[in-house]
Each structure stands twice: as structure tokens, then as C-alpha cells.
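The values are calculated or read from the model by the stated rules, or taken from the named source; none is laboratory data. Bear in mind that the values here come from a model prediction, so they are computed numbers and not experimental data. When we count neighbours, we look across all protein chains shown, and the Cβ atoms used for this are built from the backbone with ideal geometry, even at glycine.
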């Protein structure tokens, strides 16, 4: 029997666990049991005996918040969504889109939704909103404060009101801390200033911490729609009796009204609309019989007042201080008579009730600066073409012009400015076809008149009574018919006689190539009559330098003169003036030199080629489909026919030397085939087993080739062509 002995508090523990439970194999001593009941390894303030179901995790203990982490946080043996006390993600309805939700007391769709499983949360949201997409899109995850309390939007209709906003002075709990305008200055009442005159409307207010736009702190504006009406304005007279200074009185009822805007009222005894005596100065006429217009100079005569019509009546009708002035409606128009001829100037007039000195009633004078010019004057001829009688016509244009003032003019039938004394006309100015001169001796010939040049025509051209005087020409003999005459042989006449010319500059009238201005020639004569011989002759020769004495000169070294200098020749074109075998007259040979100076080297030439051969058998062969036959002479044959330039020289080897070699050193300038026949003196061919003559050929071009034929001593032969 096991014996237990404990204190009272230990007994209480026994009553819960039993003696056997206290002493187990895991707790070897009573001290171990006591330690287990009080230890807190994870420091969360709860021991296993006190309900901590995981003393290694400080977030797990009895009474902890159950969160979505697949752990029994509150030690009630229920995990996450299985625990009705779980704290999952809380989704809140955010109606104003400011990121904070409200508590959802008024709307079922806005109730909190809490779940660990996203699908579970979504299903709850769909149930709350009825599947409305716009409502679903308005949910946000809950925000928490530092004490893990959910931050709730206190006005979900205003995005500027939420727990994250700063408090401003506007009478609203902006930060949702249940205190209005906390931490900001006291709001002030401001008044609308619609007309922007710095005075507000007492009936339109706004309470704010700072002056709102369009508001002021004054409320004394009596008309906030008119900026000229406010307590600071001046009271002025107006037809509507407006109280501009907002003091309750207007116009004449307001002692502060601006006198400069008041009207002076006058007594109008003759009732003509104009007053004479000032009665009072006010905004309005309280009597109803006064007028505001003054200036009546006679308030007992209703026809006399400012702006009345002035008459020539000895009275000041228009009250301008003047009597019968020029603007009187019945004033007369008078015209200046500067030349005192009793006729006035229409462009210079004066209006007045009576005529002034120097004026007349007539306005028909066409020149008021000349007393001889007026409608009653006589028209006469004058240099200025004056219209003396003012009938708008003058001199010849006026039929009334006096003949005594006119001149006599003479007909000029040939338009030579000299007139016929027998044909006259009277006029102020020269009529068309007339002149003032009467000395033409032949008015039918325009070239005949006094002062005309006398011509050789058997007529008196200058009207001096003589014919052809001093007009004959001196002509000079032109024996060589070169149009240049001999100054020592002359005659006088109106026109050049045969064999005479008007030029006298021929220095040799026996030679038609000699005259002044002729081309100088290389002929040992002074052809151009300038006293020099052969200078700058037009037929000079360009001579070329000939250093190699081959009668052809270097065209780049020349000298132009009538005579050849020493070492120069007339023919150029020598392309090598150091070699007398090279010139345009030389024959081109095959030597790598342009012998004939035509710009081409070895053109049209060929070189002789020697081919050593023993015999010629007259063998025919086919080349390019054409049968070509040797002509049995000891010659190398060309194909095609007609190509020449290869010669063959026969050589006897002596004996039977089977190492016989044919060597060709071909230098040609045209293309073709060369055919070479070879046969020994004993009848055998080059290739010993052949029954016929050996044939060697190769295609040639203008490149030098070496062609060689060999006996191979096996019944065959070889041809080697070396470039």
C-alpha cells in the first residue's frame, strides 16, 4: 500500500488528480508534479495546468483568439472555421470607397463577414448582397487600430470622413473618434459675399475654421447682388431711390447723399422748357413744376431760349449772347468781290443778316483776282488761254473771240514746219497743218525748205535760189577692185562713177589683197597697209620640234611663224622624238613598240615561228567538224584558212633517233589552230606504231605558247603545250 502525506493545498490537487496520478512513472518525485502544475515555458501567462494546451507557443492558450492558422489557438479543441469563436478575415462594406467599412446595422448586405476559407467568405458575401456585382465590389478587409480594435467608418456616404482622415474645423467628426473638430480652432460664422464687395449677406452663412471662398466675416450688405451697394458706398441720386450706403435712407431722405450728383431745379415762367431762376438743388423735383435745364435769357418770351432758331429780328433768340448772327435762318449769302468788278466769287461767301463791305449778291465771277475777267468782258487771244467773258470757253474755242487779237498762220502741206505764203488762216493758236513761217519754196516736198541740206538732185533743196551747190563727192580710182581707192587718182560727182570708190586708203591699187584692214599674209608684203610686213599673218604655220630628224615633230613642242625655225618641221605627231624609227610614217613591226604612233602596239603584225619537222605526209584531219588537209609542203598549216605568220624549216636528224622532238615557239596576234605533220625519212611516223603521219595541233591565241611532241616508245606520242 502506497502512503500519501500532503499539505492542504496539495490535497486539493489530489482531489483533482488522485494520488496515483500524482506519482507516476514520468514524475519520480512530488517536486516534479508540483513544478508541472505551475510552469509557463512559452511565457504566455498560462501553464498547462491552467489550460495552456501548447506551452511551446505563446499564441496558444485557453482564452486566446482563434485565428485562421490551422491551430487550436484557444485550446477548445476546435480549429479555424470549426470554432464559432474564430477570428478570420473580416470583410466590411465600403459604400464611399475610402477604404474603410461601416458596422452594417442598417443594411443586411453590409453586415460583417468573417471566415478563414475564402470560398466560405465569398458565399456569405453573395448571400448578404443577393449576388449584386456592384455591392460585392464594394467590400474591403477590416482595418485595426493598435489595440486590435476594428476601425469603423462613421459616415460611409462621405469619402472624406473615416478613421484615417485628419480632423478639420468643419463641424464634422472627420476622423470618426466620436469628437467633432477636436484639436482644431473654434469655427467662425462667415457670410456670403456674392458681389465681391467685402460685405456679406446676413441671410447666407457658413460656419468654418477658415474663411471659405466667396465669404466674409461682415454681414451688413443690404444688396449682395450689386457691388456698388454696401455700407462703404456713397449715397447717390438715382431714379430707383436705391439705398447705396445701406443706412436705411435713400436719395433726398439721406443727409449723407452726395451733392455732386444732385440736380439744380429752375423756375420756367414762359414754359418753354428752360428755366431762368435757380430754386433748389435736390435729387428730385418735389414741386413738379420746375425744370432742370437753365440758360433762358428771357423767361417771359417762350420763343427765346437756348437752341431756339435765330432770326434777323434784332433779338437774341437762341440765348447765346449774340443778336442776328450769321447762323440766323433768314440770313443772306454774300460773295466776295476782290477785284471790285461787281461780280462775286462763288467759292468765297459769307452769310449774314446784312451785306459786308467787299461782298456782292452775284456769284458769277470766274476770276475774282482780275477785274478784266467777268461775264461782261470781251474775249481776246492770250498766252494763258484765259476765259475773259466767263462763258467756259476761251480763245479759239470761243466763237466770240475778237479777230483783232488773232494771228495769221500759213499752210504746211509737207509737214516740214515751213509754210506756204499763199495759204493762210486767222487763229489764236496754230491750227493743225499750219505754221507761223511762210518761207517754203516747195510745200509739196518735205525735204525742200530754207536751211535744208542741198543734195545732188538738180533741185534747190535749201530755197536759196541755187542748185546742187557744194554737195558733190570726191571719189577715188579702184584699179584692183578691192573696194579701196587710190588717193592720188580722184574725181567729183554726186554718185561714184564706174571704177571709183569713196575710200582712199589702198596702199597698192594694183594688188587686190593689199588694202587697209586686209588680212596680213606670209608673202613678204604689207597686206594691211600698216607699214609692217608679214606681222601676225593669218596663214602662219605651226612648226613642231624634230629632235631625231625623222621629219616628224613633237606636237607638244611647237612654234608658230611664217618661216620654220631650225630643228622644227611642219608635220607633228611623233610619239617618240628620240627614236627616228618611231613616227606616224613608220611601219608597225612586232617589237612591243608603237612604231607608227597610232596608239596601238604591234597592231597588224606577227612574228615568225620556226617548227622543226622531218617530213610531210599530207595527212587530213577534222577540226571542229571541218576537214583540214596539209598541202604536202614543209609548212605549218593554220586553221581556219587565210591565217598566216608561221613558217617551217626542214631539219634532218640523221639516223634513227627516236627521241626526236618538235619544238614550236609561237608568237601570233590572231587566234586559230596550228597543224604540224611529222614523219621520218624511213617512212615511219613520229609515233612508231602509227600507220599515218603524226598530227599535232593546238588552239592558239595572242599569248606565246611552247608546243612540243614526243614519242613515248609504246606506240603513242604526246603533245605538250606550255604557256
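So that you can scan it fast, the table gives a plain yes or no per residue for (1) assigned to a loop (DSSP other than H, G, I, E, B); (2) closer than 30 Å to residue 478 by Cβ:
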site	(1), (2)
508	yes, yes
511	yes, yes
534	yes, yes
549	yes, no
560	no, no
573	yes, no
592	yes, no
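What is the one condition in (1) modelled with pLDDT under 90; (2) under 30 Å from residue 470 (Cα atoms) that residue 534 does not satisfy?
Failed condition: (2).
If I filter segment 127-143 for residues that are under 60 Å from the mean Cα position of the chain (by Cα), part of a loop (DSSP other than H, G, I, E, B) and without any contact (Cβ under 8 Å) to a residue 40 or more places away in the chain, do I get at least one hit?
Of all residues in segment 127-143, those under 60 Å from the mean Cα position of the chain (by Cα) come to 133-140.
If we keep only those that are part of a loop (DSSP other than H, G, I, E, B) as well, we get 137-138.
From the residues that got through so far, the ones that are without any contact (Cβ under 8 Å) to a residue 40 or more places away in the chain too are 137.
Yes, there is a match, as at least one residue in segment 127-143 is under 60 Å from the mean Cα position of the chain (by Cα), part of a loop (DSSP other than H, G, I, E, B) and without any contact (Cβ under 8 Å) to a residue 40 or more places away in the chain.
Mind listing whichever residues of segment 220-240 are closer than 15 Å to residue 255 by Cβ and in contact (Cβ under 8 Å) with a residue 24 or more places away in the chain? Give the derivation first.
Looking only at segment 220-240, we keep the residues that are closer than 15 Å to residue 255 by Cβ, and these are 234-237.
Answer for segment 220-240, where residues must be closer than 15 Å to residue 255 by Cβ and in contact (Cβ under 8 Å) with a residue 24 or more places away in the chain: 234, 236, 237.
Step by step: first the residues of segment 285-295, then only those that are part of a loop (DSSP other than H, G, I, E, B) and at pLDDT 85 or above, then the one that is farthest from residue 249 (Cα to Cα). Which residue is that? Show your work before the answer.
First pass over segment 285-295, keeping only residues part of a loop (DSSP other than H, G, I, E, B): 285-290, 292-295.
Of the ones still in play, those that are also at pLDDT 85 or above are 289-290, 292-295.
Values: 289: 25, 290: 24, 292: 24, 293: 27, 294: 29, 295: 33 Å.
My answer is 295.
A quick yes/no check of all residues on (1) modelled with pLDDT of 90 or more; (2) surrounded by 13 or more Cβ atoms within 10 Å (Cβ to Cβ); (3) in contact with a strand residue (DSSP E or B) (Cβ under 7 Å, 6 or more places away or on another chain):
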{"site": "299", "(1), (2), (3)": "no, yes, no"}
{"site": "344", "(1), (2), (3)": "yes, yes, yes"}
{"site": "362", "(1), (2), (3)": "yes, yes, yes"}
{"site": "365", "(1), (2), (3)": "yes, yes, yes"}
{"site": "380", "(1), (2), (3)": "yes, yes, no"}
{"site": "392", "(1), (2), (3)": "yes, no, no"}
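Somewhere in segment 524-535, is a residue free of Cβ contacts under 8 Å to residues at least 60 places away in the same chain, over 30 Å from residue 487 (Cα atoms) and surrounded by 14 or more Cβ atoms within 10 Å (Cβ to Cβ)?
Restricting attention to segment 524-535, the residues satisfying the condition of being free of Cβ contacts under 8 Å to residues at least 60 places away in the same chain are 524-535.
Those left that are additionally over 30 Å from residue 487 (Cα atoms): none.
Looking for residues that are free of Cβ contacts under 8 Å to residues at least 60 places away in the same chain, over 30 Å from residue 487 (Cα atoms) and surrounded by 14 or more Cβ atoms within 10 Å (Cβ to Cβ), one finds none in segment 524-535, hence no.
Taking residue 203 and the conditions (1) surrounded by 15 or more Cβ atoms within 10 Å (Cβ to Cβ); (2) not in a loop (DSSP other than H, G, I, E, B), which numbered condition does it fall short on, given that it satisfies the others?
With respect to (1) surrounded by 15 or more Cβ atoms within 10 Å (Cβ to Cβ); (2) not in a loop (DSSP other than H, G, I, E, B), residue 203 is out only on (1).
Considering only segment 415-422, I want to know if a residue exists there that is farther than 30 Å from residue 379 by Cα, surrounded by fewer than 17 Cβ atoms within 10 Å (Cβ to Cβ) and modelled with pLDDT of 90 or more.
Taking every residue of segment 415-422 in turn, at least one turns out to be farther than 30 Å from residue 379 by Cα, surrounded by fewer than 17 Cβ atoms within 10 Å (Cβ to Cβ) and modelled with pLDDT of 90 or more.
So that you can scan it fast, the table gives a plain yes or no per residue for (1) touching a residue at least 24 places away in the same chain (Cβ under 8 Å); (2) under 30 Å from residue 378 (Cβ atoms); (3) surrounded by fewer than 14 Cβ atoms within 10 Å (Cβ to Cβ):
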residue	(1), (2), (3)
403	no, yes, yes
449	yes, no, no
459	no, no, no
482	yes, no, no
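Before we move on, is residue 463 assigned to a loop (DSSP other than H, G, I, E, B), at pLDDT 90 or above, more than 30 Å from residue 379 (Cβ to Cβ) and out of contact with any helix residue (DSSP H, G or I) (no Cβ under 6 Å at 6 or more places or on another chain)?
On the way: assigned to a loop (DSSP other than H, G, I, E, B): yes; at pLDDT 90 or above: yes; more than 30 Å from residue 379 (Cβ to Cβ): yes; out of contact with any helix residue (DSSP H, G or I) (no Cβ under 6 Å at 6 or more places or on another chain): yes.
Against the criterion (assigned to a loop (DSSP other than H, G, I, E, B), at pLDDT 90 or above, more than 30 Å from residue 379 (Cβ to Cβ) and out of contact with any helix residue (DSSP H, G or I) (no Cβ under 6 Å at 6 or more places or on another chain)), residue 463 qualifies.
Can you name the condition, by its number, that residue 304 falls short on among (1) closer than 22 Å to residue 234 by Cβ; (2) assigned to a loop (DSSP other than H, G, I, E, B)?
Condition not satisfied by residue 304: (1).
Here's a check for you: in segment 224-245, which residue that is surrounded by 18 or more Cβ atoms within 10 Å (Cβ to Cβ) and in contact with a strand residue (DSSP E or B) (Cβ under 9 Å, 6 or more places away or on another chain) is nearest to residue 187 (Cα to Cα)?
Within segment 224-245, the match that is nearest to residue 187 (Cα to Cα) is 224.
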